[in-house]
1. Considering each residue of the range 1-37, count those that are more than 30 Å from Thr116 (Cβ to Cβ) and either among the hydroxyl-bearing types (Ser, Thr, Tyr) or touching a residue at least 24 places away in the same chain (Cβ under 8 Å) (or both), and give that number.
2. Sort through Pro73, Pro12 and tell me the only one that's more than 17 Å from Ala136 (Cβ to Cβ) and surrounded by 13 or more Cβ atoms within 10 Å (Cβ to Cβ).
3. With the structure loaded, tell me whether Asp20 is out of contact with any helix residue (DSSP H, G or I) (no Cβ under 9 Å at 6 or more places or on another chain) and at negative phi or whether it fails that test.
4. Do the conditions hold for Gly70, that is, is it out of contact with any helix residue (DSSP H, G or I) (no Cβ under 9 Å at 6 or more places or on another chain), touching a residue at least 12 places away in the same chain (Cβ under 8 Å) and not hydrophobic (A, V, I, L, M, F, W, C)?
Amino acid sequence: MPTRLQPGDPAPDFTLPTPDGDEVSLTDLRGGKVILYFYPAAGTPGCTAEACDFRDNLASLDSAGYTVIGVSPDQPADLQRFRQDQSLTFPLLADQEHAVHRTYGAWGEKSIDGRTVTGPLRCTFVLDEDGRVELARYDVPARGHVADLRQRLALDASTA
């Protein structure tokens, strides 16, 4: 079982590529709040629903001071296609070596169709301005997750 982060833990720093060939470093986002979510695969039904839910709530999350970032083990070209197909305007990052997934405890065993497999786990982390974990949610559902997150962050549902 991977080590799971807890509220108060320092968020492990990373630098990962975007679909455009740029890089995003967590260090560069210090001073602002970050919602960092890990998802298994771009373009799959659950991951598409989750990404579109973040997209549809992005304005209110942004106005509350949160930067949303999605991380998956996909290749940058797949992320670019996913971003374009779903009109996603927040950063998607490629963690092809799974190193960031592992440091966040977002890589491990899971059950798919009754089989146990090792792979990416659907997780979300809220990081405060100082780079500490404010909220760590493991094994979140693809659908309804953003509404639950908004409630936990005490964001007014009417601003969605």
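A short reminder: the numbers here are calculations on the coordinates, not readings from a lab. The shown structure was predicted, so the numbers you read here are calculated from the model rather than taken from an experiment. Every residue, glycine as well, gets a Cβ built from its backbone with ideal geometry; the counts of neighbours run over all protein chains shown.
1. Residues that pass the stated criteria total 19.
2. Step by step, each of Pro73, Pro12 is checked, and only Pro73 is more than 17 Å from Ala136 (Cβ to Cβ) and surrounded by 13 or more Cβ atoms within 10 Å (Cβ to Cβ).
3. no
4. no
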